[in-house]
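Report on the structure given below.
The values are calculated or read from the model by the stated rules, or taken from the named source; none is laboratory data. All values derive from a computational prediction rather than experimental measurement. Don't worry about glycine lacking a Cβ; one is built from the backbone with ideal geometry, like all the others, and counts go over all protein chains shown.
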Amino acid sequence: MRGRADSTGAASPPRSAGWRPAAAAALALAAAAPALAQSSLPPAAYADTQLADPRREAQARALMETLRCIVCQGQSIADSNADMAGDMRAMVRRRVEAGERPEDIRRWLIERYGSQVSYKPPVVPLTWPLWAAPVLLLLAGLFLARGRFRRRRG
């Protein structure tokens, strides 16, 4: 496509009218992205259905309270409405119903998703600072308080 000549006779760059439809399409896709993120699949069978045996449901519920939702990170899978949390609740209930112990289920989930899935991370060399930090901070606070009280006496 040739550009127009201006008053000096030099050709101006060609106009590109194709950017407007492309920009409109990109804007429409960006606006539709949150709607496309929702799953159209039905929830897992045991995602929101309790087990028939109250003792096993209590075991499953207690375990679900200690597992972190992979998607929202700030909620347990028992409290989260995310599809992934529903799938994890269903997995926990199925395994508890099959007779697995909650600690075995926790171990399996940690192997599958990593230690961040648990609100109670394992004590391994990688997590030693996490477990030691509260004790070290308490000792530092006592040391500072001790120094402060000594200065007041003297």
Next on the checklist: Return the residues of the stretch 36-83 that are among the hydroxyl-bearing types (S, T, Y) and modelled with pLDDT of 90 or more; say none if nothing qualifies.
Outcome noted: T66, S76
Checklist entry - Which residues, counting only those in the stretch 74-94, are over 15 Å from A60 (Cβ atoms) and in a helix (DSSP H, G or I)? => result D83, M84
Checklist entry - In the stretch 88-110, how many residues are of a type in the set (G, A, S) and more than 18 Å from V71 (Cα to Cα)? => result 2
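Sort out which residues of the stretch 111-154 are among the hydrophobic types (A, V, I, L, M, F, W, C), farther than 30 Å from M64 by Cα and modelled with pLDDT under 90, and write them in order of number. Show your work before the answer.
Let us first name the residues in the stretch 111-154 that are among the hydrophobic types (A, V, I, L, M, F, W, C), namely 117, 123-124, 126, 128, 130-133, 135-140, 142-145, 149.
Keeping just the survivors that are farther than 30 Å from M64 by Cα gives 136-140, 142-145, 149.
Of everything in the stretch 111-154, just one residue is among the hydrophobic types (A, V, I, L, M, F, W, C), farther than 30 Å from M64 by Cα and modelled with pLDDT under 90, namely F149.
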